[in-house]
Amino acid sequence: MRSIRRKVPSFSLYGEHAAPDAAGDLLHIEDIQSRSRKYLWRIATHRHTALSQCVLVTAGPVSVVLEESSASFQGPALVVIPAGSIHSFQFRPDTQGYVLTVNLQRLLSITSPAHHGPIEALFAVPRAIDLALNGSLAVRAAQQLECLLQEFRQPQRSAEPVGSWLACCVLWTVAMGTHAVVQADMHSSQDLDRLRQFRLLLEDHYAQHWPVERYARQLGLSETSLNRLCRRVTGGTGFDLIQERLALEARRRLLYLQSSVSGIAGELGFKDSAYFCRFFRRHSGASPNEFRRRHGGG
């Protein structure tokens, strides 16, 4: 099956191709200048299969594309990129800041489950946040990232846990400071862990159109329990999350692949392209061809 991964490169870090399922190191940090200068300040469209990123722009301009949305800021600004999210950046020579890349699942394994919720909530969706009115958070996060950068440069860093602890501190600070955790605080770590397992399973099987009951069975839950879990945490049912994931992938493929609408429908498990078009309009507010024209995709 032709995949969007053939059009949108998957990197371990910027410009470094990874194996499809490579998880990479636990964490990596660098300043924005060190890598973006090599690419003339433009980081082209790509994704990280198993790595999440937190980009803090402390000063200067940044333009970012996250999936099909775009935004431009003058630092301070924060960009949060969950693993698998398609994104690109445009910086300028005067842009300053940090890029923190983590294997989120491995990083969280060193922390108490009681502290997972806020950080998981931060990475629940791609987000770009203007910190112009939250300068104290930008300063605090920048100080912590600078400490982490200095620790990362130490010769024996791989044998010491300090870097991982500092990375968790940064992400906790950012999560709390941006109020990404308002809803997460209402839910147990067990709920969040089960939802994460559901999303991982969904990532592998969304194109097969599994019913909610089959996902629930794989997770050792009843269909009713899975739907209740999804409603508690996201406000929607398991079926809603399945439909949202299909719609997201449809938008990605319309933007980044040359495939025909009927071809994309088939790749996503729709046997009837007319039904796919109705599905897409219901979730995206436009027909596939209209969406493609508006966003210059294909």
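The values are calculated or read from the model by the stated rules, or taken from the named source; none is laboratory data. This is a predicted model, so every value here is computed, not measured. Glycine also receives a Cβ, built like all others from the backbone with ideal geometry; neighbour counts cover every protein chain displayed.
Residues of the stretch 220-233 that are without any contact (Cβ under 8 Å) to a residue 40 or more places away in the chain and either surrounded by fewer than 18 Cβ atoms within 10 Å (Cβ to Cβ) or not assigned by TED's automatic domain parsing to the domain that holds S284 (or both): G220, S222, E223, T224, S225, R228, R231.
Which of the following residues is buried (at least 18 other Cβ atoms within 10 Å of the Cβ) and touching a residue at least 60 places away in the same chain (Cβ under 8 Å): L268, L254?
Numbers: L254 fails: touching a residue at least 60 places away in the same chain (Cβ under 8 Å).
Exactly one of L268, L254 is buried (at least 18 other Cβ atoms within 10 Å of the Cβ) and touching a residue at least 60 places away in the same chain (Cβ under 8 Å), namely L268.
With the checklist (1) among the charged types (D, E, K, R); (2) farther than 25 Å from S284 by Cα; (3) without any contact (Cβ under 8 Å) to a residue 60 or more places away in the chain in hand, flag the one item E244 doesn't pass. The failed condition is (2).
Scanning the stretch 63-77 for residues that are part of a strand (DSSP E or B) and touching a Lys or Arg at 6+ places or on another chain (Cβ under 8 Å) returns a single hit, L66. Within the stretch 194-214, residues that are on the phi > 0 side of the Ramachandran plot reach no partner that is crowded, with 17+ Cβ neighbours inside 10 Å and modelled with pLDDT of 95 or more with beta carbons closer than 7 Å at six or more positions or on different chains.
To keep it simple, each residue is scored yes or no on (1) in the same structural domain as M176 (by TED's automatic domain parsing); (2) within 27 Å of L40 (Cβ to Cβ); (3) at pLDDT below 90; (4) more than 21 Å from the chain's Cα centre (by Cα).
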{"residue": "V55", "(1), (2), (3), (4)": "yes, yes, no, no"}
{"residue": "A83", "(1), (2), (3), (4)": "yes, yes, yes, no"}
{"residue": "T111", "(1), (2), (3), (4)": "yes, no, yes, no"}
{"residue": "A114", "(1), (2), (3), (4)": "yes, no, yes, yes"}
{"residue": "F123", "(1), (2), (3), (4)": "yes, no, yes, no"}
{"residue": "L133", "(1), (2), (3), (4)": "yes, no, yes, yes"}
{"residue": "L149", "(1), (2), (3), (4)": "yes, yes, no, yes"}
{"residue": "G163", "(1), (2), (3), (4)": "yes, no, yes, yes"}
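Which of the residues that make up the stretch 54-82 are of a type in the set (A, V, I, L, M), touching a residue at least 40 places away in the same chain (Cβ under 8 Å) and either crowded, with 16+ Cβ neighbours inside 10 Å or closer than 18 Å to I29 by Cβ (or both)?
V55, L56, V57, V64, L66, A77, L78, V79, V80, I81 - these are the residues of the stretch 54-82 that are of a type in the set (A, V, I, L, M), touching a residue at least 40 places away in the same chain (Cβ under 8 Å) and either crowded, with 16+ Cβ neighbours inside 10 Å or closer than 18 Å to I29 by Cβ (or both).
Residues in the stretch 236-249 that are among the small types (G, A, S), assigned to a helix (DSSP H, G or I) and either surrounded by fewer than 16 Cβ atoms within 10 Å (Cβ to Cβ) or under 17 Å from the mean Cα position of the chain (by Cα) (or both): A247 only. Against the list (1) in contact with a His (Cβ under 7 Å, 6 or more places away or on another chain); (2) closer than 25 Å to V139 by Cβ; (3) not small (G, A, S), the condition L108 fails is (2).
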